[in-house]
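I have placed the structure first, in the form of structure tokens, so that the comments after it can refer back to it.
The values are calculated or read from the model by the stated rules, or taken from the named source; none is laboratory data. Owing to the predicted nature of the structure, the values given are computational and were not obtained by experimental measurement. FYI the Cβ positions are ideal-geometry reconstructions off the backbone, even for glycines, and counts take in every protein chain you see.
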Amino acid sequence: MAEDNQFGFYRDIQLNNGALVVTGITGGGGSGTSGTSGAAGTSGTNGTSGTAGTSGTSPGGGGFVSGSHFNYTMTPNRSYNLAYTGVYEQNGLEANSIWAFPFTPGRNITISALTFDAFTSNADGEIKLLAYTNNDVTGVPGSLVIESSVISVASTGMKQYNVSYTFSAGTTYWLAIAVNATGNVQGRGISQYSAFPFGVPNSGGSSTIYTLARSYTLSWPTIPSTFTLNDLQGARIPEVRFIAA
């Protein structure tokens with residue numbers, strides 16, 4: 001009996017993945033040893049880098065950059081002014097003066113004309129429609145970039161000067177109107193409450209908010225190439241319009 005049990009204990013023998021496994025029919029048989037692990041696989045190669053994206057184009061008919069005016073698509077052959085609301089008033093211009101008012105377009109704007117709506121006739125009255133760059137140091141008009149021919153206001157109605165010019169997005173400019181020595185030019189204006197404010201007096205106790213810059217440094221019909229500031233005002237501004245190209 002002892003011999004039979006001895007041989008029966010080793011009766012079930014098999015190979016399991018190259019390891020010897022012995023199972024007895026009586027009692028708990030011991031487990032065979034585990035096989036050795038396979039060698040680690042090699043690491044995969046790195047993927048190639050993606051290509052850099054292209055830079056965006058400058059604002060034109062599409063997107064816009066920071067600007068105080070015209071952050072929207074403009075319609076060709078439509079007139080635009082610098083008013084923030086529809087409020088307007090009649091405006092009188094002094095003799096031998098230049099009135100200028102700033103704007104910063106939010107997109108590139110190409111114009112085909114500047115216009116002014118004269119309300120009263122003046123047989124000897126003359127005007128010029130102008131545009132200036134901005135003097136970034138002093139914050140007033142800088143260099144003259146558009147100067148119309150002499151325009152008579154001997155009759156009422158819309159006065160127009162045809163000119164092609166592009167105002168660049170994010171750059172400050174000044175639209176302006178100059179009047180000859182006769183003066184007394186009346187036309188459509190924009191209330192100071194609808195005009196772009198660009199500062200207040202340094203002294204206290206004033207309710208003034210600057211909306212225009214004026215110069216009396218001219219000898220009609222010559223307009224100086226650089227604007228000379230004589231005063232800043234918080235008042236209605238003349239409505240000089242432009243026509244979008």
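Annotations
- The residue that is farthest from residue 240 (Cα to Cα), among those in the stretch 132-145 that are surrounded by fewer than 19 Cβ atoms within 10 Å (Cβ to Cβ) and polar (S, T, N, Q), is 138.
- From 83, 100, residue being assigned to a loop (DSSP other than H, G, I, E, B), modelled with pLDDT of 90 or more, over 12 Å from the mean Cα position of the chain (by Cα) and buried (at least 17 other Cβ atoms within 10 Å of the Cβ): 83
- Pairing each residue of the stretch 204-224 that is in the same structural domain as residue 94 (by TED's automatic domain parsing) with any residue that is of a type in the set (Asp, Glu), provided the two are 6+ apart or on different chains, yields C-beta distances under 7 Å for 214/231; 223/147.
- Here is the figure for the stretch 173-202: residues that are free of Cβ contacts under 8 Å to residues at least 40 places away in the same chain and charged (D, E, K, R) total 0.
- Look at the stretch 158-172: where a residue is in the same structural domain as residue 185 (by TED's automatic domain parsing) and polar (S, T, N, Q) and a partner is surrounded by fewer than 16 Cβ atoms within 10 Å (Cβ to Cβ) and not in a loop (DSSP other than H, G, I, E, B), sitting 6+ places away or on another chain with Cβ atoms under 6 Å, you get 166/110.
- Whether a residue is at pLDDT 95 or above, touching a Phe, Trp or Tyr at 6+ places or on another chain (Cβ under 7 Å) and surrounded by 19 or more Cβ atoms within 10 Å (Cβ to Cβ) was assessed, and residue 118 does not pass this test.
- Qualifying positions in the stretch 145-171 - within 27 Å of residue 89 (Cα to Cα) and part of a strand (DSSP E or B): 146, 147, 151, 152, 157, 158, 159, 160, 161, 162, 163, 167
- All conditions in (1) part of a loop (DSSP other than H, G, I, E, B); (2) crowded, with 20+ Cβ neighbours inside 10 Å hold for residue 129, with the sole exception of (1).
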